[in-house]
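Each reported figure results from applying straightforward, stated rules to the coordinates on display, with no laboratory input. All values reported here derive from a predicted model rather than from experimental measurement. A quick note on method: Cβ atoms are made from the backbone with ideal geometry, for glycine too, and the neighbour counts reach across all protein chains shown.
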Amino acid sequence: MKLFLINGPNLNMLGKRDPEQYGTDTLADIQSMLEEQFPDHELTFFQSNGEGAIVSAIHDLVNSEYDGLIANFGAYTHTSVAIRDALEMLAIPTVEVHLSNIHAREEFRHQTLTGAVSNGIIAGFGKESYVLGIRAVEGLIRNA
């Protein structure tokens with residue numbers, strides 16, 4: 001299975017940014033964990049702090065050979081119509097993930113523009129959210 005994982009703004013600062021909320025693992029730690037847990041999958045990791053770069057990465061998936069997308073759009077989850085519009089073009093299963101429970105945080109984080117065009121949202125399980133996201137995409141592919 002060939003999966004693309006997108007991480008948005010500030011996720012490159014995991015381990016340093018608000019460790020009480022996001023934990024002490026770095027993004028590299030999470031990527032290593034996923035590679036160990038899913039050795040039979042081809043996982044491609046992409047991180048950008050820029051909205052346009054994320055939109056372009058999604059565009060590249062439109063006619064690609066990837067089987068699914070797991071994405072943590074960070075703050076763009078709540079604000080980016082551009083990323084939402086790009087996601088609508090995808091024919092592959094898409095699962096949005098969040099380390100923290102966005103619904104137990106500030107009210108502006110409760111709305112997810114990108115989640116509205118994803119197959120599902122997993123939030124609040126720390127780095128395990130990514131594992132659950134991959135499992136969800138596997139299930140969506142299996143049941144397609």
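Taking the chain as a Gaussian network, where each spring joins two C-alpha atoms under 10 Å apart, which residue of 133, 23, 115 fluctuates the most?
Judging by the Gaussian network model, the answer is 23.
Mind ordering 80-86, 30-36 by average Cβ neighbours within 10 Å, highest first?
Output ranking for 80-86, 30-36: 80-86, 30-36.
Using the Karplus curve 6.51 cos²θ - 1.76 cosθ + 1.60 with θ = phi - 60°, work out ³J(HN,Hα) for each residue of segment 32-40 in order, rounded to whole Hz, and write x for Gly and Pro.
Along segment 32-40, the couplings run 4, 4, 5, 5, 5, 6, 10, x, 8 Hz.
Grab the Cα-Cα distance for residue 16 and residue 66, subtract it from 0.36 nm times how many residues apart they are, and report the gain in nm with one decimal.
14.9 nm
Spelling out what I want: for every residue of segment 89-99, take phi, set θ = phi - 60°, compute 6.51 cos²θ - 1.76 cosθ + 1.60 (Karplus), and round to whole Hz; glycine and proline get x.
After applying 6.51 cos²θ - 1.76 cosθ + 1.60, I find 7, 7, 9, 8, x, 10, 10, 8, 10, 9, 5 Hz.
Please build a GNM for the chain, connecting alpha carbons under 10 Å apart, and tell me which residue among 12, 101, 63 fluctuates the most.
63
Would you tally the net charge around residue 70, using a Cβ to Cβ cut-off of less than 15 Å, leaving residue 70 out, and scoring K and R as +1, D and E as -1?
Taking every other residue near residue 70 into account, the sum is -3.
Okay, helix-only estimate at 222 nm for the chain: each DSSP H run of n ≥ 4 adds -39500 (n - 2.57), divide by all residues, round to 500 deg cm²/dmol; what do you get?
-9500 deg cm²/dmol
Which one is right for this structure if Cα Rg over 2.2 N^0.38 Å is calculated from it: (i) 0.96; (ii) 1.03; (iii) 1.65?
(i)
In debye, nearest 20: dipole of the chain around its Cα centre with unit charges on the Cβ of K, R (+) and D, E (-)?
In debye, rounded to 20, the chain gives about 240.
Between the DSSP loop rule and a limit of at most 13 other Cβ atoms within 10 Å, which trypsin sites (Lys or Arg not before Pro) in segment 1-39 are left?
Those that pass, being in a loop and sparsely packed, are 16, 17.
Using the Karplus equation 6.51 cos²θ - 1.76 cosθ + 1.60 (θ = phi - 60°), what ³J(HN,Hα) coupling, rounded to whole Hz, does each residue of segment 44-53 give in order, writing x for Gly and Pro?
Residue by residue, segment 44-53 yields 10, 9, 9, 9, 8, 8, x, 4, x, 5 Hz.
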